[in-house]
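Notes for the one structure printed next.
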Amino acid sequence: MPPFDVPEGDPFGPHNLPYGVFSPAGSTERRVGVRLGDHVLDAGAAARAIGSPYTSLLAHPTLNPLLAAGRTAWSDVRRALTAWVTVPAHRETIERLFYPLSSVTLHLPFEVADYVDFYSSEHHARNAGHIFRPDAENPLTPNWKHLPIGYHGRSGTVVVSGTDVVRPSGQRKGPADPAPVFGPSVRLDIEAEVGFVVGVPSKRGRPVALGDFREHVFGLCLLNDWSARDIQAWEYVPLGPFLGKSFATSVSAWITPLEALEDARVAPPERTHPPLPYLDDSDEEPCGYDLRISIAVNGHTVSEPPFHTMYWTAAQQLAHMTVNGASLRTGDLYGSGTVSGPEERQRGSLLELTWNGRDPLELPDGKRTYLEDGDVVTLSAWAPGADGARVGLGEVSGRVVASSRRTD
Ligand code: MN
């Protein structure tokens, strides 16, 4: 199928146009690409061929210059790209600059600056509370309804979809163990999340207000926050996640601009506790997103978490992480937190899906509590677009590879 003639209903039609970075077959050169159907447009080469003023934003090995350019430029470039791939007069110039998706190598699309991960699904937080603190009166910690809880992660180990994930080693100590032991994690898990990509930086000392979310955030991706539950359980008191998370975080190769998701914006769930003024979004435009996520293990769908159920929105997370004066940099990435809905088959982690191993999942290739070596986990998603269209968010996939270390 020639790229211009994307079939009706394709989730990667001209209404979507997500951005990535690719190398054509046989080349190591990295180029900004825009996905259309099952093809990738060399966006920098297209801009040059057309004589577009946006060549300076697109002819780069990363998305960072485009991210930094700001909301007006994001809109202008998107409008130009839409014309290039739909107006027949451009067809002859543009058509030879498409590559079949199956022929290219996709790379991490931007240089990740700081990485933060949140914990903003009430269903996930309640499930985790019930599992880890079964005797507690309230599964939510006292702060949960007052601020979006988060932690700073490790940006240097954010990897693109398709990158293998080596089973991490570390310390663990079960409640009955007399002393900690060292070895490969035996409770390797996933967390199905959405990642938000910051484009425009902010100045240190100047918090970003809720209403400025879309001035700073360029788009979103799918994110798998791989988690070694045994390492995490032993190390996290009192400072939070560390080595149980920092070995790898996978992101999808395609960044969907927020502009492509206007029809997916929804109001977040009703707030049961009025937030403090800097988090109070009752007078703001709705900033929840209706994203339908699927989790597959070795090609078998195990869960379908609904993103619209997230209690704290990405705008509130951004306002919270800057309210102390912390500044944003181009390429900052923040994860939503594990997305879990109210139903059992809407849970975003194996921790919850198997209730910490108590209720194994039945897969066609056997039972699973946590991940086994060789397992491939794939998160995919789509969002409603205009007139019944779907906006595809691509996928983030990773295979678990055996640790080369022996138990010590
Ligand atoms: Mn997480």
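The values are calculated or read from the model by the stated rules, or taken from the named source; none is laboratory data. The structure displayed is predicted, hence computed values, not measured ones. Cβ placement follows ideal geometry from the backbone for every residue including glycine, while neighbour counts extend to all protein chains displayed.
For beta carbons closer than 7 Å, sequence separation of 6+ or different chains, a first residue in segment 205-222 that is over 17 Å from residue 68 (Cα atoms) and a second that is of a type in the set (Asp, Glu), the qualifying pairs are 210/281; 210/284; 211/284; 222/395. Output the residues belonging to segment 2-31 that are without any contact (Cβ under 8 Å) to a residue 60 or more places away in the chain, on the phi < 0 side of the Ramachandran plot and not charged (D, E, K, R). Of everything in segment 2-31, those that are without any contact (Cβ under 8 Å) to a residue 60 or more places away in the chain, on the phi < 0 side of the Ramachandran plot and not charged (D, E, K, R) turn out to be 6, 7, 27, 28. Please count how many residues of segment 199-217 are within 12 Å of residue 329 (Cα to Cα) and outside any loop (DSSP other than H, G, I, E, B). The number of residues fulfilling the criteria is 2. Report yes if some residue within segment 107-116 is within 16 Å of the ligand (Cβ to nearest atom), in a helix (DSSP H, G or I) and touching a residue at least 24 places away in the same chain (Cβ under 8 Å); otherwise report no. No, the conditions are met nowhere in segment 107-116.
Of the residues making up segment 296-308, those that are over 13 Å from the mean Cα position of the chain (by Cα) and within 16 Å of the ligand (Cβ to nearest atom) are 303, 305.
Checking the conditions here, which among 148, 139 is buried (at least 16 other Cβ atoms within 10 Å of the Cβ), in a loop (DSSP other than H, G, I, E, B), within 15 Å of the ligand (Cβ to nearest atom) and not hydrophobic (A, V, I, L, M, F, W, C)? Going through 148, 139 in turn, the sole match is 148. Could you tell me whether any residue of segment 227-249 is among the hydroxyl-bearing types (Ser, Thr, Tyr), more than 15 Å from residue 348 (Cβ to Cβ) and away from the ligand (no atom under 16 Å from the Cβ)? No, every residue in segment 227-249 fails to be among the hydroxyl-bearing types (Ser, Thr, Tyr), more than 15 Å from residue 348 (Cβ to Cβ) and away from the ligand (no atom under 16 Å from the Cβ). The numbered conditions (1) in contact with a helix residue (DSSP H, G or I) (Cβ under 8 Å, 6 or more places away or on another chain); (2) within 16 Å of the ligand (Cβ to nearest atom) are all true for residue 335 except (1).
Set side by side, the residues 48, 91, 71 differ, and just one is at pLDDT below 95 and surrounded by fewer than 23 Cβ atoms within 10 Å (Cβ to Cβ), which is 91. The set of residues in segment 233-247 that are at pLDDT 95 or above, within 19 Å of residue 336 (Cβ to Cβ), surrounded by fewer than 22 Cβ atoms within 10 Å (Cβ to Cβ) and not hydroxyl-bearing (Ser, Thr, Tyr) contains only 241.
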